[in-house]
Structure formats: structure tokens, C-alpha cells
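Asker: So that we are looking at the same thing, I have put the structure below in C-alpha cells.
The values are calculated or read from the model by the stated rules, or taken from the named source; none is laboratory data. Keep in mind that this is a model prediction, so the values were computed, not measured. Glycine also receives a Cβ, built like all others from the backbone with ideal geometry; neighbour counts cover every protein chain displayed.
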Amino acid sequence: MTTGATDIHTHIVPASFPAYAGRHADVRWPSMAPAHDCHHCNVMIAGKVFRTVSDHCWSLERRLEVMEAARVERQVLSPMPELLSYWLEAEDAESLGRHVNDSIATMVADGKGRFAGLGMVPMQDPDRAAAELERLMAMGFKGVEIGTNVNGVSIGDKRYAAFFATAERLGAAIFVHALHPAGTERLVGPPNMPALALFPCETSTAIVSLMMGGIIGRHPQLRIAFSHGGGVFGLVLPRFMHGWKLVPGMKEATGGSPAEMARRLYYDTLVYDADTLRFLIERFGITQLCIGTDHPFTIEETEPVAAVERLGLSAADQAFVLSGNARRFLGEGA
């Protein structure tokens, strides 16, 4: 392995889940059921198949095979977003999160340096989430994955301000993934259309909300990355800046220029297009893009290193995107 490439956007599903042991009724607690062959399982939620997943979700051996083929040296493991479970009671979400986080910790420990972990915290209870983040960082996690909204409330809302302050204090990396996007009821097409058409809009909305909530401006040392290239935020930014200069109160709310703050954030490369990657590099800076694939799900980028190589970057700039930026995002230095 010579590229040193680090993939910051990969997901896990544990091989199994414990039976629900809480005290609430009608809980959307996940379980695993056999699928069509020995390499797949059905993730069951509320008695229905949410997704059929392969053993790449929990098998290090299978993941390493894919990593070798893709020339990826290291993966950052985070939960399948639906497992974040913000719709559960906080105590149930914390219990489920402990199981998922323990699964990630075991994979990292067994992975001989090829993996790093981003856990999950119960954001429906920000105080409990901050306490769990403290525990995870003490365990050696690099940080956490969170959704773009918590039961419809943007993560830029003031109720989450203390959580982000804790993340900055602890040096925790935050990876933001689109979750239950707005506008699903307006789509026409198969069930996977929200991931294709709405995740980019949802992610952009989260970034704007974090800026307008003052969170990005107040926490200059916060390391936060956004999936799918930040969605459509690169296109929204000039319009946002135009309003920021004209609309009363926007400058005070953000505490700084959105264009400047945008170049402090991190974004993955999961955009499937060389011209779009070049645009993101120009808009956000060569030091802010990190490899991301969405492994092991259907829409994953299977040749992430080749996608960067096709850009024709200098050796130094290519090294930033393949590995250097990810190391800084994870708090591992330049």
C-alpha cells in the first residue's frame, strides 16, 4: 500500500443486536435476520426489513479485501446512519449506542492500525450526548457521527450549542451525515431516491444552520466534516454570502464570513465526478477535502484513489486529499 489513503466515510452494522431490555413499548429496536445467502443479513426495524446488508458491515477480513482493491490504507468506521436512533427514548438510544460503539471499538482494536472509530451519541438528549462523547474520547475514539437533524430539529439549533462546545474542548472530530431529509414526500421514484436527490440539500441546510446558529463562528477549533462533498453547499454559498452582506442581523448571527468559515470545514470526496471535485477544491481549498466512499453500501465509490488521481493534482496536493487532510480532521496532526 503506497497511497496512504484514508477513507473517512464508511459505515458498520454489528453482526447482531441484543434483545430489547428497556421499559418502553413499541420501540423501533433493530435486529438482524437471515437474508438470501450466508454473506448477507436483513436489518429489521419495527418488524420490517430496513436494508439488506453484506458481511462487509462487520467482517474485517471482507473490508480489508475491498480496501486492498481500492488502494485504501485506512478506514474510519461510523454507524449506519439509521442506527443513530434519535427517535428512541434517550436511555434506549444510549443503550443501543453502547452496543454499536463497542462493536466499532472491537473492530478498531482487531484491525492492527487499519481502522479508526467514530461512535454515536443520543443527540435527542444533548447533555447525555456530551457525557457519552466524553466516554468515547477516553476510550480512544476519534469522535462521533451525527445526523443533519434530530427528529426534524436542525443541529444548528441553540439546544445543541453546549454539545459542540464539548466537542471542541475534547478535540473530537464530528462527521455529519444526512438523515431523514426534508421533502421526501415530494419525490417520485423508487425508495432510494431521498439518498440520491435530497441528501445533498439536507447537508447544505445543516451547514447553513450551523453557521447561522453561530456554532461554527464560536468554535474555530471545532473539526467537523460533511458527507457527500457538503451536498449542494458549494453552490448555495455565493447566494448565502450575498444575503449575509445585505440582510440585517446575519453578520451578527454568524460571527464571521460564511465563505471564510466554509474553508475551515471538511468535506468528503463522494461526488462521483471529477469536475465537481475540482469545483469543491477551488471553493473550499485543497486542505479541506478527504476521501469518502460510503462503503459498504450500494452507492459507494469503488475507486476513490483513482478518482483523485484523475484530477492531475501535484504530488503534494494529492497527498492532502488522500491522507493528510483526514489526519488533521481526526486530530492526528498534519
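Asker: Can you name every residue in the range 124-149 that is on the phi > 0 side of the Ramachandran plot and over 17 Å from the mean Cα position of the chain (by Cα)?
Answerer: Matches in the range 124-149: GLY140 only.
Asker: Please count how many residues of the range 266-294 are under 14 Å from the mean Cα position of the chain (by Cα) and either in a loop (DSSP other than H, G, I, E, B) or of a type in the set (A, V, I, L, M, F, W, C) (or both).
Answerer: 8
Asker: Turning to a different aspect of this structure: Can you pull out every residue in the range 255-307 that is within 16 Å of GLY4 (Cα to Cα), among the aliphatic types (A, V, I, L, M) and surrounded by fewer than 18 Cβ atoms within 10 Å (Cβ to Cβ)?
Answerer: Hit for the range 255-307 is ALA306, nothing else.
Asker: Let me ask you something else. What pairs come out if I take residues in the range 167-179 that are at pLDDT 95 or above and pair them with residues that are of a type in the set (Lys, Arg) and not in a helix (DSSP H, G or I) whose C-beta lies under 6 Å away, six or more apart or interchain?
Answerer: That search, which allows pairs on different chains as well, returns ALA173/LYS142; ALA173/ARG223.
Asker: Do we have GLY243 as farther than 19 Å from ALA172 by Cα, in contact with a strand residue (DSSP E or B) (Cβ under 6 Å, 6 or more places away or on another chain), part of a helix (DSSP H, G or I) and not basic (Lys, Arg) here?
Answerer: The answer is no for GLY243.
Asker: Which members of the range 16-40 meet the condition of being hydrophobic (A, V, I, L, M, F, W, C) and out of contact with any Cys (no Cβ under 8 Å at 6 or more places or on another chain)?
Answerer: PHE17, ALA19, ALA21, ALA25, VAL27, TRP29, CYS38
Asker: Can PHE297 be described as on the phi < 0 side of the Ramachandran plot, touching a residue at least 24 places away in the same chain (Cβ under 8 Å) and not in a loop (DSSP other than H, G, I, E, B)?
Answerer: no
Asker: To continue, here is another question. List pairs: first in the range 252-281 and in contact (Cβ under 8 Å) with a residue 40 or more places away in the chain and acidic (Asp, Glu), second surrounded by 14 or more Cβ atoms within 10 Å (Cβ to Cβ) and in a strand (DSSP E or B), Cβ under 7 Å, 6+ apart or cross-chain?
Answerer: Cβ pairs passing all conditions: ASP268/ILE8; ASP268/HIS9; ASP268/ALA225; ASP268/CYS290.
Asker: With the requirement that a residue be surrounded by 24 or more Cβ atoms within 10 Å (Cβ to Cβ) and in contact with a strand residue (DSSP E or B) (Cβ under 7 Å, 6 or more places away or on another chain), what does the range 207-227 give you?
Answerer: Hits for the range 207-227 are ILE207, ILE224, ALA225, PHE226, SER227.
Asker: Let me ask something else. Is it the case, given these coordinates, that PHE17 is among the aromatic types (Phe, Trp, Tyr) and free of Cβ contacts under 8 Å to residues at least 40 places away in the same chain?
Answerer: no
Asker: Here is a check on your reading of the model: is GLU89 among the acidic types (Asp, Glu), over 30 Å from ALA326 (Cα atoms) and either buried (at least 21 other Cβ atoms within 10 Å of the Cβ) or out of contact with any strand residue (DSSP E or B) (no Cβ under 6 Å at 6 or more places or on another chain) (or both)?
Answerer: yes
Asker: Within the bounds of the range 204-218, is there any residue that is within 22 Å of THR269 (Cβ to Cβ) and either among the charged types (D, E, K, R) or in contact (Cβ under 8 Å) with a residue 60 or more places away in the chain (or both)?
Answerer: No; the residues of the range 204-218 include none that is within 22 Å of THR269 (Cβ to Cβ) and either among the charged types (D, E, K, R) or in contact (Cβ under 8 Å) with a residue 60 or more places away in the chain (or both).
Asker: Taking ASP317 and the conditions (1) under 17 Å from HIS9 (Cα atoms); (2) in a helix (DSSP H, G or I), which numbered condition does it fall short on, given that it satisfies the others?
Answerer: ASP317 satisfies every listed condition except (1).
Asker: Kindly provide the set of residues from the range 9-37 that are over 20 Å from GLY97 (Cβ atoms) and surrounded by 12 or more Cβ atoms within 10 Å (Cβ to Cβ), ordered by number.
Answerer: ALA35
Asker: So which strands (runs of 3 or more DSSP E) are wholly in the range 42-147 and hold at least 1 residues that are among the charged types (D, E, K, R)?
Answerer: Of the strands (runs of 3 or more DSSP E) lying wholly inside the range 42-147, those with at least 1 residues that are among the charged types (D, E, K, R) span 48-54, 72-79, 143-147.
Asker: Please count how many residues of the range 168-214 are closer than 17 Å to VAL153 by Cα, under 14 Å from the mean Cα position of the chain (by Cα), part of a helix (DSSP H, G or I) and not aliphatic (A, V, I, L, M).
Answerer: So the count comes out to 4.
Asker: Taking the range 20-57 only, how many residues are within 30 Å of VAL271 (Cβ to Cβ) and either touching a residue at least 40 places away in the same chain (Cβ under 8 Å) or under 22 Å from the mean Cα position of the chain (by Cα) (or both)?
Answerer: Matching residues across the range 20-57 total 11.
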